[in-house]
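Have a look at the structure below before the remarks.
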Amino acid sequence: MWGGRFAEGPSAIMREINASIPFDKALWRQDIAASRAHVAMLAACDIVTADDAQTILDGLERVSGEYEANGVPEDWDLEDIHMTTESRLAELIGPVAGRLHTARSRNDQVATDFRLWVREAMDDVDAGLAALQDALVTQAEAHAGSIMPGFTHLQTAQPVTLGHHLMAYYEMMRRDRSRFADARARMNESPLGSAALAGTGFPIDREMTAQALGFDAPTRNSLDAVSDRDFAIDFLQAAAQCSLHLSRLAEEFVIWASQPFGFVRMADSLSTGSSIMPQKKNPDAAELVRGHAGRIVGCVTALMVTMKGLPLAYSKDMQDDKPPVFEAAQLLGLSIAAMTGMVAESTFRTERMRQAAELGYATATDLADWLVRAANIPFREAHHITGAAVKLAESRGIALDALPLDDLQAIDARIDERVYAALSVEASVAARASYGGTAPDQVRARVAEARAQLEAER
């Protein structure tokens with residue numbers, strides 16, 4: 001396609017390093033959509049005749065049907081999806097196919113196709129995250145009052161409800177969706193018509209092609225349009241952050257499913273067995289989600305390093321922009337689907353969770369708070385008194401609320417029988433009724449808000 005300038009063809013090494021068709025064939029739908037929009041605009045602007053435009057459109061329809069039925073052929077001499085499609089179009093309709101490339105370059109062509117692909121990937125991720133949020137909300141509603149230990153440093157801290165814990169991940173997914181939405185809005189401008197780097201001398205209508213492809217507007221600077229990959233990095237950065245949240249949730253399930261915890265029974269469909277130990281039920285799906293996060297972070301690093309020193313406008317380095325985006329999108333989609341199934345299909349052992357909350361002196365802060373409220377003791381002094389009570393209970397191997405009143409009063413005479421009402425795990429979670437707290441009524445209120453938001457988005 002570019003051989004007129006050269007006396008000799010490329011070497012075998014050049015042919016192999018230059019070809020991107022093995023991976024950019026994934027852009028074929030976007031490439032044909034952009035070509036349809038482009039040729040329709042050329043006809044509307046009287047740059048090509050209506051008859052030629054229709055012939056090209058009919059040919060593109062035939063190429064699309066072939067790709068749909070048989071996949072995209074990989075001829076490395078044709079380098080990429082753009083030349084592959086144009087070559088097949090020429091075979092089908094003859095020389096008129098050459099008019100399709102009027103007033104455009106592969107530079108603006110690939111920039112447009114890639115934006116279209118990333119935009120669709122963002123929409124797929126958003127739909128997946130909405131499904132995960134729905135699963136989280138469903139389980140949170142069912143377990144708004146199910147008590148479990150809340151942790152800091154993976155040490156028992158205070159009682160919380162399982163519903164509250166799950167809704168924390170709903171909030172993370174809400175922020176993730178907002179990041180993808182922000183990135184989508186920012187990238188939704190059409191590079192088509194920027195040509196190689198300087199625009200074109202043909203009287204094209206870039207607003208028309210932008211509208212046809214669902215963009216908000218054409219890009220404002222042709223140099224920037226063909227060399228910009230911010231949209232791909234934005235996608236990868238949002239994907240990386242989302243993968244970190246998924247990895248944290250996956251780690252919760254790994255810990256909760258372990259025998260020392262025993263908080264959850266994982267679905268068989270998302271677990272595996274052992275080749276030698278028949279009793280094993282391994283949380284492999286969760287572990288792979290953790291692993292995928294590292295690969296996705298690697299993808300964003302790879303593209304950022306590729307782009308960091310490139311002068312304007314297009315450089316061939318940018319051909320390597322697509323593999324990390326394709327990889328991250330595939331891994332993220334799998335991770336979201338796995339965690340959605342895990343949340344929806346797991347069975348939580350709520351009695352085991354409640355017992356664990358009672359064992360770790362999780363209501364110690366409630367004792368300190370009671371001393372502040374009921375006995376008017378400064379918090380730092382109340383903290384010291386509570387520490388002594390915990391030490392005594394621990395030495396006897398009993399819960400705080402099992403300590404006799406005489407023993408508590410021996411630590412501090414200002415303690416009276418009213419304290420026992422504050423020391424149960426139920427009383428502890430019910431007391432955390434501030435906005436956003438773990439009290440069951442607060443959890444149910446947040447669930448209702450979340451359900452309303454998810455319904456409004458449907």
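How far apart, in nm, are two points set 7 Å out from the Cα along the Cα-to-Cβ line at ALA445 and at SER315?
Spacing of the two 7 Å Cα→Cβ label points: 5.5 nm.
Using a 7 Å offset from Cα along Cα-Cβ at GLU381, what residues in the range 402-417 end up with backbone N under 19 Å from the label point?
408-417
So, R0 is 35 Å and r is the distance between the beta-carbons of ILE398 and ILE276; what FRET efficiency does that work out to, to 0.05?
Working from the Cβ atoms, E equals 0.25.
Please determine, in degrees from 0 to 90 and to the nearest 10, the orientation of helix 284-307 with respect to the longest principal axis defined by the Cα atoms of the chain, where the helix direction is its Cα long axis.
Approximately 50 degrees, to the nearest 10.
Which percent of the Cα-Cα distances in the range 107-354 go past 33 Å? Kindly include the intermediate steps, with their values, before the conclusion.
Values: 10025 of 30628 pairs.
More than 33 Å apart: 33 percent of the Cα pairs in the range 107-354.
Using only the alpha carbons, work out the radius of gyration and Dmax of the chain in angstrom.
Values for the chain (Cα only, Rg and Dmax): 30.4, 101 Å.
Place a label point 7 angstrom from the Cα of ARG265 along the Cα-to-Cβ direction, then list the residues of the range 146-172 whose backbone nitrogen is under 20 Å away.
The answer is 146-148, 162-163, whose backbone nitrogens lie closer than 20 Å to the label point.
Given charges of +1 on the Cβ of Lys and Arg and -1 on the Cβ of Asp and Glu, with all other atoms neutral, how large is the dipole of the chain about its Cα centre, in debye to the nearest 20?
Here the size comes out at about 1020 debye.
Give me the percent relative contact order of the range 1-153, please, defined on Cα pairs under 8 angstrom at least 6 residues apart.
Dividing the mean separation by the residue count of the range 1-153 yields 28 percent.
Residues in the range 340-354 near a label at LEU288, defined as backbone nitrogen under 19 Å from the 7 Å Cα→Cβ point?
Answer for this model: 340-346.
Which order do the peptides 297-308, 187-198, 97-108 take when ranked by the mean count of other beta-carbon atoms within 10 Å per residue, highest first?
In descending order of packing, they fall as 187-198, 97-108, 297-308.
For the chain, with all protein chains present and a 1.4 Å probe, just round the carbon and sulfur fraction of the accessible area to a whole percent.
52 percent
Once the dipole of the range 133-192 is set up with Lys and Arg at +1 and Asp and Glu at -1 on Cβ about the Cα centre, which of ALA185, GLY145, TYR170 lies farthest towards its positive end?
About the Cα centre, the residue reaching furthest to the positive side is ALA185.
Can you give the Rg to Rh ratio for the range 227-348, taking only C-alpha atoms and Rh from Kirkwood? Intermediate values should be presented prior to the final figure.
Numbers: Rg = 18.1 Å, Rh = 15.9 Å.
Reported Rg/Rh (Cα atoms, Kirkwood Rh): 1.14.
Counting pairs on different chains as well as pairs 8 or more places apart, how many Lys pairs in the chain have Cα atoms under 19 Å apart?
On the way: LYS25/LYS316; LYS25/LYS322; LYS308/LYS316; LYS308/LYS322.
Qualifying lysine pairs in the chain: 4.
Would you mind calculating the gained length between ILE17 and ALA90 on full extension (0.36 nm times residue separation, minus the Cα-Cα distance), in nm to one decimal?
Extra length from ILE17 to ALA90 when fully extended: 23.7 nm.
Place the peptides 237-243, 372-378, 289-295, 58-64 in order of packing, highest mean first, counting for every residue the other Cβ atoms within 10 Å and averaging per peptide.
Going by the mean number of other Cβ atoms within 10 Å, highest first, we get 237-243, 289-295, 58-64, 372-378.
Need one number for the range 361-457: average projected area of the convex hull over its C-alpha atoms, nm².
Value for the range 361-457: 7.2 nm².
Modelled label-to-label distance, ALA388 and GLU171, 7 Å Cα→beta-carbon offset: nm?
A separation of 3.6 nm, rounded to one decimal place.
The values are calculated or read from the model by the stated rules, or taken from the named source; none is laboratory data. As the structure is a computational prediction, the values presented were derived from the model and not from experiment. Positions of Cβ are generated from backbone atoms using ideal geometry, with glycine treated the same way; all protein chains shown enter the neighbour counts. The protein model used for the area step is the full one, side chains on, heavy atoms only, and it has no ligands, DNA or RNA in it. Shrake-Rupley method; radii C 1.70, N 1.55, O 1.52, S 1.80 Å.
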